[in-house]
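The values are calculated or read from the model by the stated rules, or taken from the named source; none is laboratory data. All figures in this text were calculated on a predicted structure; none of them were measured in a lab. Neighbour counts are summed over all protein chains in view; Cβ atoms, including those assigned to glycine, are modelled from backbone coordinates with ideal geometry. The accessibility values were calculated without ligands, DNA or RNA, using every heavy atom of the protein model including side chains. Shrake-Rupley method; radii C 1.70, N 1.55, O 1.52, S 1.80 Å.
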2 protein chains.
Amino acid sequence: MKAILAATALGALLSLAHAAPPPRDGDWTMPAHDYASTRYSALGAIDANNVARLKVEFTFSTGIDRGQEAAPLVVGDTMYVVGPFPNPVFALDLTRPGAPLRWKYQPHPQPAAQGVACCDVVNRGGAYANGTFVFNTLDGTTIALDAATGKERWKTRMADINKGETITMAPLVVKDKVLVGNSGGEFGIRGWLAALDLADGHVVWKAYDTGPDVEVLIGPSFKPFYAGDRGKDLGVSTWPPQAWKIGGGTVWGWISYDPALNLVYYGTGNPGPWNADQRPGDNKWTSGIFARDADTGQARWFYQFSPHDLYDYDAVNENLLLDLPIGGTTRKVIVRPERNGFVYVMDRATGQVLSADPYGNNNSILRIDLRSGRPVYNAAYQPKPGRTTRGICPGSAGAKDWNPSAYSPQTGLVYIPHINLCMDVEPSEVNYIAGTPYVGTDQRMYAGPGGNRGVLTAWDPVKRKAAWEVKEDLPLWSGALATAGGLVFYGTMDGWFKAVDARTGALKWQFQTGSGIIGQPVSYRGPDGRQYIAVLSGVGGWAGAIVVGNLDPRDATGASGFVNATRDLKEKTGPGGTLYVFALPK
Amino acid sequence: MKAILAATALGALLSLAHAAPPPRDGDWTMPAHDYASTRYSALGAIDANNVARLKVEFTFSTGIDRGQEAAPLVVGDTMYVVGPFPNPVFALDLTRPGAPLRWKYQPHPQPAAQGVACCDVVNRGGAYANGTFVFNTLDGTTIALDAATGKERWKTRMADINKGETITMAPLVVKDKVLVGNSGGEFGIRGWLAALDLADGHVVWKAYDTGPDVEVLIGPSFKPFYAGDRGKDLGVSTWPPQAWKIGGGTVWGWISYDPALNLVYYGTGNPGPWNADQRPGDNKWTSGIFARDADTGQARWFYQFSPHDLYDYDAVNENLLLDLPIGGTTRKVIVRPERNGFVYVMDRATGQVLSADPYGNNNSILRIDLRSGRPVYNAAYQPKPGRTTRGICPGSAGAKDWNPSAYSPQTGLVYIPHINLCMDVEPSEVNYIAGTPYVGTDQRMYAGPGGNRGVLTAWDPVKRKAAWEVKEDLPLWSGALATAGGLVFYGTMDGWFKAVDARTGALKWQFQTGSGIIGQPVSYRGPDGRQYIAVLSGVGGWAGAIVVGNLDPRDATGASGFVNATRDLKEKTGPGGTLYVFALPK
């Protein structure tokens, strides 16, 4: 009897050892920290008074000197890091000094995926849920690992690199589903968002962003707020014949989730090709935002930020789900710092735009018509084939690209890390060849008014204006982190990791990480109870292509014109791939 | 008159701006710190009492994730870092926060050089003298740069990669000459040391390590201590006919200089091929040490540590020039922790061996006969073609490889970072084909007695015994640094950078750098007057080939048998390439 009891106890112990630890308040289990995508940490031990003493606690090399866009995740005593292609996953043991490797998982993505990655071979990280770590590989495979052991649970091939499809985004796990979308808007592919079963990886639903309603998962529950989004098969009829089949609308950015409404929110990328003359019409459902039922994928509403997009204004940016006092009542809103240069505040139940205000330099869109929901394009800056249109602001990379904002409930401010670039564009006819670039513009970008190429804007979404701004010389391509210590963290493309006062923007601390930062900072509580700040350093991505691709600074149209905007970057930073973890000295 | 004066003053100012700053006491202008190769810093602000508070001050990514074996140099307000192939040189501005790039020089070495690099594409750093920064590229070119601007002053192609020649060593500048030697002992090349004119790069003299006396620069002033080294054209007659032409004896390690004797000291590499049966004879002048006149290159003396080397015991290790109390008088000696497992103490004027004692596990050599100067080989461990000889200690990498020791005048101890590996060997016949490996053994290495693969030994060269030892699990492949703060710094192959008490070996501080350390730590005084410690992190080299070459751990004979000794390394570290600079918080 004693022996049996002992064996049972041992069994229980073993099964405990393999069970997932429950998420703790100091965990960071998804790139945006939470479903509302606030990127806010309630940890406040590191504050404006002591952050000057912040020091490197340990570092870890990913071994891949390409753009590091991922957020490191922390669950219990383990940190998870996903590297750029070939997308290794590292699990670091936070209980031991120096956080040595607990396990490493090395997938074997198809090398040819690198050839159809538009903008470096980046990866934006993974997600943790229920003992499982999920991430995507560049060649379009979603992989689930046992978070405790790194053992593969399942993998599902979702994208076809032969068509130019890749995956760079971080998945989001909602209930029992893994939400995944594709990249490749510059290759004439069709965008989609899919839900995979967390347990076995089978595809539960898949919603395309162009084409007939049945494939877009538009049905009886679809109630868009604006008339322009209502009608049958708009994903077909707002395109020239057959063009929707190669029309883009990829899903490579961020997903948010409102558990009360059971809706997921995500943006759709630019229509293809960039040369808009080849695709008359609104080009639904590109450059907009979908709200979908999390269980069925059925669309609830859609709103198009940039109908018939003229400028490669992907609409994949983050959606912050906030409850804000607007017009004397608390509204459940989405705050969206959109690539087209406007901060939108939208009712997240209906898709109504409550306000839309410019947060950067903008001349391409005069204003947003709140009645129709449509932007009023500035005819003076409409690109036309055969001529060069100069001085368009913002440039193709928008007033802000993928790198996500943070929100602090302490200040009520949204911290938007963004850019200030304008451009000259000449569109040209382009033919579709499967698996090759389908763009059709020559362009070069450069610093906008003021000369600073980066900005951190603290935006008040209620007052609809900036509280303060920090200008940065280089494009700001990292994410932001807000903490209960009254601080905002972000990184610069020349390698500085900075903490500024959340109320004033005053610089409180900075550290040189040795390579440009384009990653997403996070904060967590370590097993020892202390607060830590972590960020990946390693320049790259579209903005850093000149460095990691070793491009010629004289090629003004290189990297779709971004080379011209970062001609000096090779003199200021080099490739890298290192995780830095900071803490206050004991 | 006033105008003329002003112009003259301006001219003086300009010429000052371009003149080299004079070396300061806190500088580190050559990899070994000084001509005596002590790697000792007289800075003592960081000591055993406060080192626990040592923190990362800034970091810098070399952008190349291969083995980082260089010592960062500091001259005035500038730090110089040389990366692995393609060998960029970075000059960092220490006067500005985060030490941003002042200039970068990117040579364009022939990519094919990588194919004839035996053991990763490492570089051991540069040297500064008289306003000039000198370094070598893997493809065998010596390059001199204006240290202030990075402008190329001259370059001289010294090696021929088509024959398998490369250069990985750090040059040494002695008076107006740059001393440079070649790598490639596994490719049947002929070793040499050359002196180039610091001003214009022309070759002043070149001394081969095999062949007729006239090419070895052996003349009337050659007075070797031992009879076995005396005779005409021993570089020919101690080889089978013509074999000296492909006999190795490369110069890829360290050079020391005694200004009083005007002698330079350097070691010569293994004879080729490794299969000793193919080259009966002593194989002069391989696996030994030359003392040469610094001006003419004429040999003064030679001593052969491993005549007719049986085990790839290159003799390129560092020579510490110390004045030690031996036998009741102060002797000017060389202390040499030799690859064959013995610490030699030699009279540096004559080449006489005063003592030779084992500092690691050794069974291949029974003892050193001080009368003849010859090692007594253990016949039981003599490899023979057609059979496997097991349990040879040390293995091919020796009791210690290239990674250099440090000496503290405070303790009188030599701090030897080294390894503890044994091996099984089966030689086989090999034919010479120019530019391809010329080795002729299958072998595998593994942990020696005790199971620890690395050791830091504090050796007392007067008492001829170890004062203390620190055992390390992984092979110890980094250099050592001793400081006036009573500390010894070194790094481990799993990324720990450590400080131990110079008197006891007690661990005082450690920091996880994120990739294995095989670099050379240095200490310097910054422009702000504070003491700094710097080291490059980034695993690789022969010992780390399994990681940077992504070799299969099951291939026991991979990387000439080193894979078998570091089968677990991929689980413990990944590639990296980052400079870490540490200081006490202000």
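The single residue among A:Val488, A:Val462 that is in contact with a strand residue (DSSP E or B) (Cβ under 9 Å, 6 or more places away or on another chain), of a type in the set (A, V, I, L, M, F, W, C), surrounded by fewer than 22 Cβ atoms within 10 Å (Cβ to Cβ) and modelled with pLDDT of 95 or more turns out to be A:Val462. Residue selection: A:Glu57 fails the criterion of being of a type outside the set (Gly, Ala, Ser), away from chain B (no Cβ under 14 Å), touching a residue at least 24 places away in the same chain (Cβ under 8 Å) and on the phi < 0 side of the Ramachandran plot. Tallying residues that are among the small types (Gly, Ala, Ser) and under 21 Å from A:Gly541 (Cβ atoms) within region A:477-528 yields 9.
Look at region A:137-151: where a residue is over 16 Å from A:Asn123 (Cα atoms) and a partner is part of a loop (DSSP other than H, G, I, E, B), sitting 6+ places away or on another chain with Cβ atoms under 7 Å, you get A:Leu145/A:Lys151; A:Asp146/A:Gly131; A:Ala147/A:Ala20; A:Ala147/A:Gly131; A:Ala148/A:Ala20; A:Ala148/A:Gly131.
Restricting attention to region A:117-133 and to residues that are farther than 27 Å from A:Asp401 by Cα and surrounded by fewer than 23 Cβ atoms within 10 Å (Cβ to Cβ), the residue that is farthest from the other protein chains (Cβ to nearest Cβ) turns out to be A:Asn130. Residues in region A:192-206 that are of a type outside the set (Phe, Trp, Tyr) and either under 15 Å from A:Asp293 (Cα atoms) or part of a strand (DSSP E or B) (or both): A:Leu193, A:Ala194, A:Ala195, A:Leu196, A:Asp197, A:Val203, A:Val204, A:Lys206.
Taking region A:95-107 as the range and being within 12 Å of chain B (Cβ to nearest Cβ) and more than 24 Å from the chain's Cα centre (by Cα) as the test, the residues that pass are A:Arg96, A:Pro97, A:Gly98, A:Ala99, A:Pro100, A:Leu101, A:Arg102, A:Trp103, A:Lys104.
Among the residues making up region A:208-235, those that are in contact (Cβ under 8 Å) with a residue 40 or more places away in the chain and of a type in the set (Gly, Ala, Ser) are A:Gly219, A:Ser221, A:Ala227, A:Gly228, A:Gly235. Exactly one residue among A:Ala482, A:Ala502 is within 18 Å of the chain's Cα centre (by Cα), open to solvent by less than 10 Å² (accessible area, probe 1.4 Å) and more than 27 Å from B:Gly576 (Cβ to Cβ), and that residue is A:Ala482. Could you tell me whether A:Thr149 is of a type in the set (S, T, N, Q), part of a loop (DSSP other than H, G, I, E, B) and open to solvent by 20 Å² or more (accessible area, probe 1.4 Å)? So A:Thr149 fits the description; yes. Filtered by the rule that a residue be among the charged types (D, E, K, R) and within 12 Å of another protein chain (Cβ to nearest Cβ), region B:60-71 gives B:Asp65, B:Arg66. Select from region A:471-495 the residues that are away from chain B (no Cβ under 14 Å) and either aromatic (Phe, Trp, Tyr) or assigned to a loop (DSSP other than H, G, I, E, B) (or both) and list them in ascending order. Result: A:Pro475, A:Leu476, A:Trp477, A:Ser478, A:Gly479, A:Ala480, A:Ala484, A:Gly485, A:Gly486, A:Phe489, A:Tyr490. Can you tell me which residue within region A:72-94, out of those that are within 13 Å of A:Leu138 (Cβ to Cβ) and in contact with a Pro (Cβ under 7 Å, 6 or more places away or on another chain), is nearest to the other protein chains (Cβ to nearest Cβ)? The extreme case among them is A:Pro86.
Going by the conditions given, is A:Pro100 open to solvent by 20 Å² or more (accessible area, probe 1.4 Å) and free of Cβ contacts under 8 Å to residues at least 40 places away in the same chain? Yes, satisfied. Applying the set (1) open to solvent by 10 Å² or more (accessible area, probe 1.4 Å); (2) out of contact with any Pro (no Cβ under 7 Å at 6 or more places or on another chain); (3) in a loop (DSSP other than H, G, I, E, B) to A:Gln114 leaves exactly one unmet item: (3). All of A:Ser405, A:Ser372 fail the test of being closer than 20 Å to A:Phe489 by Cα and at pLDDT 95 or above, apart from A:Ser405. Screening region B:423-436 for residues that are under 15 Å from B:Gln278 (Cα atoms) and in contact (Cβ under 8 Å) with a residue 40 or more places away in the chain and picking the one that is least open to solvent (accessible area, probe 1.4 Å) gives B:Pro427. Within region A:423-444, the only residue that satisfies the criterion of being touching a Phe, Trp or Tyr at 6+ places or on another chain (Cβ under 6 Å) and assigned to a strand (DSSP E or B) is A:Thr441.
As a summary of the residue check, B:Ala356 satisfies the conditions (1) in contact (Cβ under 8 Å) with a residue 24 or more places away in the chain; (2) crowded, with 23+ Cβ neighbours inside 10 Å except for the one numbered (1).
Restricting attention to region B:377-401, the residues that are outside any loop (DSSP other than H, G, I, E, B) and either in contact with a Cys (Cβ under 7 Å, 6 or more places away or on another chain) or of a type in the set (D, E, K, R) (or both) add up to 3.
The set of residues in region B:239-268 being among the β-branched types (Val, Ile, Thr) and either over 23 Å from B:Glu165 (Cβ atoms) or in contact with a Ser or Thr (Cβ under 6 Å, 6 or more places away or on another chain) (or both) consists of B:Thr250, B:Thr268.
How do the helices (runs of 4 or more DSSP H) wholly within region B:496-575 filter down when requiring 3 or more residues that are within 14 Å of chain A (Cβ to nearest Cβ): which remain? Fully inside region B:496-575 and qualifying: B:545-548, B:569-572. Of all the listed residues (A:Arg554, A:Arg530, A:Arg525), the sole one being modelled with pLDDT of 95 or more and surrounded by fewer than 19 Cβ atoms within 10 Å (Cβ to Cβ) is A:Arg530. Out of the residues in region A:29-84 meeting the condition of being among the polar types (S, T, N, Q) and more than 19 Å from A:Lys498 (Cβ to Cβ), tell me which one is surrounded by the most Cβ atoms within 10 Å (Cβ to Cβ). So, considering only residues that are among the polar types (S, T, N, Q) and more than 19 Å from A:Lys498 (Cβ to Cβ), the one surrounded by the most Cβ atoms within 10 Å (Cβ to Cβ) is A:Ser61.
One line per residue, one yes/no per condition, for (1) touching a residue at least 60 places away in the same chain (Cβ under 8 Å); (2) among the aliphatic types (A, V, I, L, M); (3) surrounded by 24 or more Cβ atoms within 10 Å (Cβ to Cβ):
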position	(1), (2), (3)
A:Asn182	yes, no, yes
A:Leu198	yes, yes, no
A:Gly201	no, no, no
A:Lys206	yes, no, no
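Exactly one residue out of A:Gly505, A:Gly526 is touching a residue at least 60 places away in the same chain (Cβ under 8 Å), among the small types (Gly, Ala, Ser), out of contact with any helix residue (DSSP H, G or I) (no Cβ under 7 Å at 6 or more places or on another chain) and closer than 28 Å to A:Ala36 by Cβ: that is A:Gly526.
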